[in-house]
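First the structure, in the form of structure tokens, and then the observations on it.
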Amino acid sequence: MPITSIAILPFDNLSPEAGADYLSDGIAEEIMVTFARFEGIRVASRTSAFYFKRREASVEEIGQKLNVDHLLEGSIKLFGNRIRVNVQLVSTHSGFSLWTESYDRTLDDLLDLQIEISEWVFQKFLQQNAHLTAVPSALRSDISPRAYEHYLKGRYHFNSYTMSHFRKAIDCYQMALDIQADFAAAMAAQAICYVGLGGYVDTAYYQKGKEAALSAMAMNDQLLDSYIALGYIQMFHDRDWMAARASLLQAVAINNQSAEAHRAYGVFLMLSEEPQSAIYEHELALKYDPLNTVILNGLGIINATIGKYERAQEVYEQILSLDKEFYPVFESLAWLHTYQGRWAEAIPFFRRYREAVNDPLKGQMGLGYALARSGQSQEAYNLLASLDQRQAKYPNESIALDYATIYMGLKQTEKVFFYLQKSVKDKFILTNFALICDPTFQPLRQDKRFEELLNQTGYFYYQKNKQQAHTNKDSLLQIQADTKEQLNLLASQLLYIEAKGNYADFIYREGGELQHKLLRLSLADAKTQIDHPHIVQCHRSYLVNLAQFESLEGNAKKYELRSPWLPHGIPVSRSQGNTLKAHLKTLQ
């Protein structure tokens, strides 16, 4: 029987030493990542494969749930600086072992060992599938063993998926980078952690995430984490929907089997009001990661917001069958009942969610809204008072949307708009969902103030121009000044460069706002370092990115380029007028 699919299960940790789970999990996960780069084989994603960690299940049952025909399982045993790894390849149809092997190596050989195991099993696949293609591993074999060990510890913390573990993961990745500064995979993984912290702790982390993603891309432009992190940052912080779409499509192109890439693009499609396409992307993600409760929850939310209540209920019940303690589904079920006006059924689920959050000051938003709508206004006001306490305790967190939602339940429209405006300004990660998708705020959509809020998110600009949205890979610009200073930014960010004596002033968009960066180098040097078809010289003192400009105005006496992002025009030399006008037409 041809070998077409595989799941790499978490390895058993048989080490006498405590704390070696990061190795047993990390080895399995990195073999999985390496194996996913072999074209022609479907590889079950980490979340689904690791669902069976410490769960009793037969080989046949695992094969059915993950829809794979083979399993790779194993164990590790750590003795000081030596590690013993046992692996076996098992058929899920027969239950028989097709191949077993043992390796006894030092920790210094760990990375080479993972690649060796992956390639050995791949050879078994090639015996029955001659059409398969091997793709080089994303991890270089010259990575320092100590740096790699810190990297595995970082992955271990990241997969706990809490804000405190994200911070621990960032520290581990930084230790890896301190040892080996060009460890691109560690830099890209760090960017993903910053996205999580930026979304729910402090938006200042988004900038760190962007810097990490761009630095990783400069080292290796084929790392999935870089593009996913960048896409989320462009979507939620920069509000550059065009660039976000391009980044997330590039992530899918790098690894079309990545459940996380499909999920991220599905989130983008949901927010751009393409719900059927968003559902498709989530279902495609579940093809590769069928037991991922986070992706399932997202699928349920999309269905709930467009009125497919029965389908949403089915998905939420599937989540509970997999994990009765997955508390985000309690909130999702509560909102499902809320959208149908079933307050009595919604409130118990909101209370259950609040208890599961395990912080008396958090988990208030939906409960306050439902209590207010059910006529229990005083309890809703009590929750508003607790929000005041939360803001005092966590001053960097944005909770304006919590206030807005509860005031929506209390039908205090002026306060709703006040706090929605603040939430937009704070760039809270759920603000776009609230304004674009959430039926809760549907009654306000005809209000001019609501339209202005949407306009500030970049929503209308994208809807107007999405037919012209370029989906090609964005270009990373790396500008080196005469000093040691360097500027990394995407071509889609750059508006123009202006010569100022011995300096060049770079004007670009970051976080939805115009930024300036003055570097000591001539305009000619900047032009030499930038190789991009749309970045051209329009005047002796200006280089412009024509993709960011809409029109050329004036006549032969005075031409100016106009951009929706700039309050002023950019001068154009008379000799360049006709050429630039023709170039602009090709971009429209």
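The values are calculated or read from the model by the stated rules, or taken from the named source; none is laboratory data. Source: prediction; values computed, not measured. A quick note on method: Cβ atoms are made from the backbone with ideal geometry, for glycine too, and the neighbour counts reach across all protein chains shown. For accessibility, only protein heavy atoms count, side chains too; no ligands or nucleic acids. Shrake-Rupley method; radii C 1.70, N 1.55, O 1.52, S 1.80 Å.
Select the strands (runs of 3 or more DSSP E) contained entirely in segment 480-586, then report the ones holding at least 1 residues which are within 29 Å of the chain's Cα centre (by Cα) and of a type in the set (Lys, Arg).
Where strands (runs of 3 or more DSSP E) fall fully within segment 480-586 and carry at least 1 residues being within 29 Å of the chain's Cα centre (by Cα) and of a type in the set (Lys, Arg), they are 503-510, 513-519.
All but one of (1) open to solvent by less than 20 Å² (accessible area, probe 1.4 Å); (2) among the β-branched types (Val, Ile, Thr); (3) at pLDDT below 90 hold for Ile115; which doesn't?
Among (1) open to solvent by less than 20 Å² (accessible area, probe 1.4 Å); (2) among the β-branched types (Val, Ile, Thr); (3) at pLDDT below 90, Ile115 violates only (1).
Test each condition in (1) at pLDDT 95 or above; (2) closer than 25 Å to Thr305 by Cα for Tyr381 and report the one that comes out false.
(2)
With (1) more than 20 Å from Leu271 (Cβ to Cβ); (2) in a loop (DSSP other than H, G, I, E, B) as the list, and Ile429 as the residue in question, which single condition is left unmet?
(1)
For the list (1) within 30 Å of Lys448 (Cα to Cα); (2) of a type in the set (D, E, K, R); (3) out of contact with any helix residue (DSSP H, G or I) (no Cβ under 7 Å at 6 or more places or on another chain); (4) surrounded by 17 or more Cβ atoms within 10 Å (Cβ to Cβ), I need the number of the one condition that Lys411 fails.
(4)
Tally the residues that are surrounded by 16 or more Cβ atoms within 10 Å (Cβ to Cβ) and outside any helix (DSSP H, G or I), restricting the search to segment 363-376.
4
Taking segment 523-536 only, how many residues are small (Gly, Ala, Ser) and either surrounded by 15 or more Cβ atoms within 10 Å (Cβ to Cβ) or in contact with a Ser or Thr (Cβ under 7 Å, 6 or more places away or on another chain) (or both)?
1
Mind checking whether some residue in segment 469-484 is open to solvent by less than 60 Å² (accessible area, probe 1.4 Å) and more than 30 Å from Ile429 (Cβ to Cβ)?
Checked against the condition, which is being open to solvent by less than 60 Å² (accessible area, probe 1.4 Å) and more than 30 Å from Ile429 (Cβ to Cβ), segment 469-484 yields at least one hit.
Between a first residue in segment 160-183 that is among the acidic types (Asp, Glu) and a second residue that is modelled with pLDDT under 95 and open to solvent by 60 Å² or more (accessible area, probe 1.4 Å), which pairs have beta carbons less than 7 Å apart while being 6 or more apart in sequence or on different chains?
Partner pairs satisfying both residue conditions: Asp182/Met219.
May I ask you to list the residues in segment 382-407 that are over 15 Å from Pro360 (Cα atoms) and part of a helix (DSSP H, G or I)?
Ala400, Leu401, Tyr403, Ala404, Thr405, Ile406, Tyr407
Among the residues of segment 432-453, which ones are open to solvent by less than 70 Å² (accessible area, probe 1.4 Å) and assigned to a loop (DSSP other than H, G, I, E, B)?
Matches in segment 432-453: Cys437, Asp438, Arg445, Asp447.
Name the pairs: first residue in segment 549-564 and among the basic types (Lys, Arg), second residue assigned to a strand (DSSP E or B), Cβ to Cβ under 7 Å, at least 6 apart or on different chains?
Pairs that qualify, where the first residue is among the basic types (Lys, Arg) and the partner is assigned to a strand (DSSP E or B), are Arg562/Ser551; Arg562/Glu553.
On the given criteria, is Lys581 open to solvent by 50 Å² or more (accessible area, probe 1.4 Å) and within 30 Å of Gln486 (Cβ to Cβ)?
So Lys581 does not fit the description; no.
For the structure I just gave you, tell me whether Phe11 is under 26 Å from the mean Cα position of the chain (by Cα), farther than 26 Å from Val252 by Cβ and at pLDDT 85 or above.
So Phe11 fails the test.
Can we say Asp426 is among the acidic types (Asp, Glu), at pLDDT 95 or above, in contact with a Ser or Thr (Cβ under 8 Å, 6 or more places away or on another chain) and on the phi < 0 side of the Ramachandran plot?
For Asp426, the condition - among the acidic types (Asp, Glu), at pLDDT 95 or above, in contact with a Ser or Thr (Cβ under 8 Å, 6 or more places away or on another chain) and on the phi < 0 side of the Ramachandran plot - is not met.
Among the numbered conditions (1) surrounded by fewer than 15 Cβ atoms within 10 Å (Cβ to Cβ); (2) farther than 25 Å from Thr483 by Cβ; (3) in contact with a Ser or Thr (Cβ under 6 Å, 6 or more places away or on another chain); (4) not acidic (Asp, Glu), tell me where His568 comes up short.
Checking His568 against (1) surrounded by fewer than 15 Cβ atoms within 10 Å (Cβ to Cβ); (2) farther than 25 Å from Thr483 by Cβ; (3) in contact with a Ser or Thr (Cβ under 6 Å, 6 or more places away or on another chain); (4) not acidic (Asp, Glu), the one that fails is (3).
In the list Ala392, Ala380, Ala404, which residue meets the criterion of being surrounded by fewer than 21 Cβ atoms within 10 Å (Cβ to Cβ) and free of Cβ contacts under 8 Å to residues at least 60 places away in the same chain?
Ala392
Sort out for me the helices (runs of 4 or more DSSP H) sitting completely within segment 258-362 that have 2 or more residues that are farther than 24 Å from Ile436 by Cβ and open to solvent by 60 Å² or more (accessible area, probe 1.4 Å).
By residue number, 309-322, 343-357.
Anything in segment 17-41 that is at pLDDT 75 or above and farther than 20 Å from Val294 by Cβ? List them, or say none.
Ala20, Asp21, Tyr22, Leu23, Ser24, Gly26, Ile27, Glu30, Ile31, Ile41, listed by residue number.
Here's a check for you: in segment 511-522, which residue that is within 27 Å of Tyr205 (Cα to Cα) and either free of Cβ contacts under 8 Å to residues at least 60 places away in the same chain or among the hydrophobic types (A, V, I, L, M, F, W, C) (or both) is least open to solvent (accessible area, probe 1.4 Å)?
Leu519
Being under 23 Å from Thr483 (Cα atoms), aromatic (Phe, Trp, Tyr), touching a residue at least 60 places away in the same chain (Cβ under 8 Å) and open to solvent by less than 60 Å² (accessible area, probe 1.4 Å) narrows it down to one of Tyr496, Tyr508, so name that one.
It is Tyr496.
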